[in-house]
Structure formats: structure tokens, C-alpha cells
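Have a look at the structure below, then the notes.
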Amino acid sequence: MKSILDNRPALKAEVEKIAEVAGYLWQNGWAERNGGNITVNVTDLVDDEVRNLPAISEVKQIGITLPALKGCYFYCKGTGKRMRDLARRPMQNGSVIRILDDCASYVIIADEPVLPTSELPSHLAVHARLVGSGSAYKATVHTHPIELVAMSHNRAFLGKDVLTDILWSMIPETKAFCPLGLGVVPYTLPGSNALAEATLRELEDYDVVLWEKHGVFAKGMDVMDAFDQIDVLSKSAKIYVNAKAMGFEPEGMSQAQMKEMTAAFNLPR
Ligand code: 2HA
Ligand code: ZN
């Protein structure tokens, strides 16, 4: 079957990266059933032929108007689709959409009319903020990492940067590779505008945001970068959980050792 990926190595490589990450999300146990979402801004990877491709869906309303996204193209996981299926067949479990000139609607252009994720408005709102601010970030990932979600059930962890400090102190790499830490959004209905708004606010200060009792939402330069940041935070959470399971409170690196990391790796704080 003909695919938009044929003879477009850059776009094909990007979609293959998305499929690879979808496999990691499933293998990690973070993506039960249709859990989680991936959207990637692929505007820079499409050519004039793609820009002229006809729509293969009717015009769909986004639900919000996002002027920054006029004429942009996104790969989006399909609504109700499973990460474990997307890992093997990305163009049958996701699709490429074009944002129309009214900036409030879109059409699907390839490969099949797979309807995008129900979280499309919140993902696109984040992309609009990124494009509008001239950011090089192109990918957003939402998933359900077990230990991080478990930690969000403890109210004592939900204060500003309480979890950031615990997770950074479990292993030096976490601070180096997730240098902004972990933002927290109090429990909010999935798919709601309120959740999108709160996520946008936290993403001003963080690359990864924990949705209380639900999951994480990350932005990254590409889908692998977003995944890596979630993965290092999850690793720290696993170390914390393992220490607790052995029956003790983990000591954590000292404040002096954390400061030493900041200086040695030239970290923001
Ligand atoms: O799309 O995980 O929170 C599936 C989800 C929504
Ligand atoms: Zn979710």
C-alpha cells in the first residue's frame, strides 16, 4: 500500500522513532489498553507534494482556535488505538493531519482516516504555545508510569518541587538529564480544558509534568527526548520505591552533592 512515508526518509525516520517509543511505553507497563498519547509536529518534514495532498477526512473542528498552528502538520496517535499496536503499525494506529487556515479545524491527509486522540485539543494547545514562542520542541508524550503515578497519591509529595528534590537525589543522572525537574498538576478530569490549561502553565517551568493520580505529560525536542526525560524520572522513582520496599527511607544525595552536580554540569539550578 502507498504511504506518505514512501520516498520521504526524514518523515519516515521520525515516524519510526514514534513507533519505537510507543513500544517502550508498552514494554514499561505504562500504556495499558489505549492509555497515553503521542503527537509530533512534522511541519518541517513535509514537502510541497504533501502540502498539496487532498484531505481523506471531512473537516473536523479542534474545539479551540490556535493561530500559531496555521498550516502545520502533526503525526497523532489515533483515538482508542493501543501503543503496542502503534509500535508495529504506526500509520494504521495514527495519522498525519493538516491544520487549516481558520486555525480552528483540521483534516486527515495520510495514510488512513484514523481519527486523532481525544486529547488533541490539549496536545495542540501545547504545540501552539511551543511554536508561538519559537521553541525547537516538536514532540509531546502522555503516559502512565507506574511508580511516578503511585508517588502522586501521597499528598506530602505534591508541593512545589518536593518530588523534584526527592527524584533528583536518588541518582545523579536524573538532575543532569531532567534539569528542570517535575511539575505537578492537581487532579483534573482527563480530556478537560482545565487540565490543558493547568498543563500549559506548568510546562512554562518544566519539561515533564505529573498529573496527580493519572500520569505524566512531557514535551521534548523529539519523541525520544520526551521519553528519555520521563524514563530518568521513572528510574529515580523506582529506586525510591525499592529502598522503601527494603524497609528504609533512602538517604538521597546531600544538598552539597546536588549543588556540586549543578556546577559540574552547568545546570540551570
Ligand atoms: O488517551 O491516557 O488520558 C488515553 C489517555 C488519556
Ligand atoms: Zn492518560
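The values are calculated or read from the model by the stated rules, or taken from the named source; none is laboratory data. Here the structure is a predicted model, which means the values were calculated and not measured. Cβ coordinates were reconstructed from backbone atoms using ideal geometry, including for glycine residues, and neighbour counts include every protein chain displayed. Each accessible area value is taken on the protein alone, full model and side chains, heavy atoms only, with ligands, DNA and RNA left out. Shrake-Rupley method; radii C 1.70, N 1.55, O 1.52, S 1.80 Å.
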All-but-one check, LEU124 against (1) under 16 Å from the mean Cα position of the chain (by Cα); (2) part of a strand (DSSP E or B); (3) of a type in the set (A, V, I, L, M, F, W, C), failing number (2)
Filtering region 220-269 down to residues that are of a type in the set (Lys, Arg) and either out of contact with any helix residue (DSSP H, G or I) (no Cβ under 9 Å at 6 or more places or on another chain) or under 15 Å from MET151 (Cα atoms) (or both), which residue is most open to solvent (accessible area, probe 1.4 Å)? LYS259
Odd one out for LEU195, checked against (1) within 15 Å of ligand 2 (Cβ to nearest atom); (2) surrounded by 15 or more Cβ atoms within 10 Å (Cβ to Cβ); (3) more than 15 Å from the chain's Cα centre (by Cα); (4) of a type in the set (A, V, I, L, M, F, W, C): (3)
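What number of residues within region 2-59 are on the phi > 0 side of the Ramachandran plot and either more than 16 Å from ligand 1 (Cβ to nearest atom) or open to solvent by 30 Å² or more (accessible area, probe 1.4 Å) (or both)?
3
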Selection count, region 102-121, where residues are part of a strand (DSSP E or B) and within 16 Å of ligand 2 (Cβ to nearest atom): 1
GLY94 - would you say it is within 14 Å of ligand 1 (Cβ to nearest atom), open to solvent by 20 Å² or more (accessible area, probe 1.4 Å), touching a residue at least 12 places away in the same chain (Cβ under 8 Å) and over 27 Å from GLU204 (Cα atoms)? no
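Name the single residue that is surrounded by the most Cβ atoms within 10 Å (Cβ to Cβ) among those in region 105-134 being free of Cβ contacts under 8 Å to residues at least 60 places away in the same chain and not aliphatic (A, V, I, L, M).
For region 105-134, the residue satisfying everything is TYR106.
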